[in-house]
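The values are calculated or read from the model by the stated rules, or taken from the named source; none is laboratory data. Predicted, not measured: the structure shown is a model, and the values here were computed from it. Here the Cβ positions follow ideal geometry from the backbone for every residue, glycine too, while neighbour counts run over all protein chains shown.
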Amino acid sequence: MKTKVKLIIASALLSGVFQIAVRAQDATELIRKADAKMRGEKSSYSVMSMTIVRPTWNRTISFKSWTKGTENSLVYITAPAKEKGLVFLKLDRDMWSWNPQINRMIKLPTSMLSQGWMGSDFTNDDLLNQSSIVVDYTHKILAEETVSGEDCYKIELMPKPDAPVVWGKIIMWVSKAHITGVKTEYYDEDGYLVKSEIGMDFKDMSGRYIPTKFELIPADEEDNKTIVVMENIQFNIAIEDSFFSQQNMKRVR
């Protein structure tokens, strides 16, 4: 009898361990699919506008963005006239900026990853995809919740040891129906909420039902936010590796 009880307990424990392992794999797969849906499995090209909202002023910046995998991305500013022509390049873990007005190329140090991109609430890390939410974090499903009318998986992302990331923790809500991010919360190393990003205005873009508007709201800066609107996006287009180069930063339009 005791042996049978031990076997039942052992079976239950093993089943629990198995379920935890399965849920961890499911969480990673959900994050991978959600990331690929927005970024493209191979590449993407997008046209966007970003409005920086402050208590006493607003400013809108328009730009084009190209990505290839998680290693390469390039952003070209198209407006306003003062910033037009600025280019930002990411190659693996390195980042550069090109300013045609002063004919100067600058390599951005790692310390600048957490700084606001173009004065916005998005960091250089956010906009240039410096870190990969798939590779640099572990993933765990915490709960199932409804956000913005979407039934979601609430997933915790914790940075792996020595991962070159700026966040101590990320909480992401992924739509069950559309496998795309609906809301993301970013926490510092002490566990304090720094900012929240909310996706809205879901539309069919190039055959994918995704949010086309994002609001990034700092936790401790009242009436501050940054709004990004996606005007056009194309997925898995052909882009040569040579496109992502310092030479092309001076030519791209």
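Only residues that are of a type in the set (Gly, Ala, Ser) and out of contact with any strand residue (DSSP E or B) (no Cβ under 8 Å at 6 or more places or on another chain) were counted in the stretch 177-201, giving 0. In the stretch 50-65, the count of residues that are surrounded by 16 or more Cβ atoms within 10 Å (Cβ to Cβ), over 30 Å from Glu222 (Cβ atoms) and among the charged types (D, E, K, R) is one or more. What about Met158, is it surrounded by 18 or more Cβ atoms within 10 Å (Cβ to Cβ), within 26 Å of Gly40 (Cβ to Cβ) and not aromatic (Phe, Trp, Tyr)? Spelling it out, it is not the case that Met158 is surrounded by 18 or more Cβ atoms within 10 Å (Cβ to Cβ), within 26 Å of Gly40 (Cβ to Cβ) and not aromatic (Phe, Trp, Tyr).
Scan the stretch 167-213 for residues that are more than 18 Å from Asp136 (Cβ to Cβ) and of a type in the set (A, V, I, L, M, F, W, C) and report the count. Of the residues in that region, 10 qualify.
A quick yes/no check of all residues on (1) farther than 22 Å from Phe244 by Cα; (2) hydroxyl-bearing (Ser, Thr, Tyr):
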position: Phe63; (1), (2): no, no
position: Leu86; (1), (2): no, no
position: Met112; (1), (2): no, no
position: Met118; (1), (2): no, no
position: Ser132; (1), (2): no, yes
position: Leu157; (1), (2): yes, no
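Taken over the stretch 97-110, the criterion of being hydroxyl-bearing (Ser, Thr, Tyr) and either over 14 Å from Asp126 (Cα atoms) or over 19 Å from the mean Cα position of the chain (by Cα) (or both) is satisfied by Ser97 alone.
Every condition in (1) in contact with a helix residue (DSSP H, G or I) (Cβ under 9 Å, 6 or more places away or on another chain); (2) within 28 Å of Ile61 (Cα to Cα); (3) crowded, with 21+ Cβ neighbours inside 10 Å holds for Ser132 except the one numbered (3). Scanning for something among the small types (Gly, Ala, Ser) and without any contact (Cβ under 8 Å) to a residue 12 or more places away in the chain, does the stretch 57-75 turn up at least one residue? Within the stretch 57-75, not a single residue is among the small types (Gly, Ala, Ser) and without any contact (Cβ under 8 Å) to a residue 12 or more places away in the chain.
If only one of Ser175, Ser206 is hydroxyl-bearing (Ser, Thr, Tyr) and modelled with pLDDT of 95 or more, which one is it?
Ser175
Considering (1) of a type in the set (A, V, I, L, M); (2) farther than 16 Å from Glu197 by Cβ; (3) in contact (Cβ under 8 Å) with a residue 24 or more places away in the chain, the lone condition that Met112 does not fulfil carries the number (3). Residues in the stretch 50-81 that are farther than 14 Å from Val228 by Cα, touching a strand residue (DSSP E or B) at 6+ places or on another chain (Cβ under 7 Å) and hydroxyl-bearing (Ser, Thr, Tyr): Thr67, Ser73, Tyr76, Thr78. Which residues, counting only those in the stretch 33-65, are at pLDDT below 95, of a type in the set (Lys, Arg) and under 21 Å from Val87 (Cβ atoms)? Listed by number, the list holds a single entry, Arg39.
The residue of the stretch 165-180 that is surrounded by the most Cβ atoms within 10 Å (Cβ to Cβ), among those that are more than 28 Å from Asp94 (Cα to Cα) and β-branched (Val, Ile, Thr), is Val174.
Of all residues in the stretch 71-86, one or more are within 28 Å of Ile141 (Cα to Cα) and under 18 Å from the mean Cα position of the chain (by Cα).
Among residues belonging to the stretch 78-126 that are in a helix (DSSP H, G or I) and either of a type in the set (S, T, N, Q) or in contact with an Asp or Glu (Cβ under 8 Å, 6 or more places away or on another chain) (or both), point out the one that is farthest from Gly168 (Cα to Cα).
Met118
Here is a check on your reading of the model: is Phe63 in a strand (DSSP E or B) and closer than 23 Å to Arg208 by Cβ? So Phe63 passes the test. Checking each residue in the stretch 212-253 for being small (Gly, Ala, Ser) and in contact (Cβ under 8 Å) with a residue 12 or more places away in the chain picks out Ala219, Ala238, Ser245.
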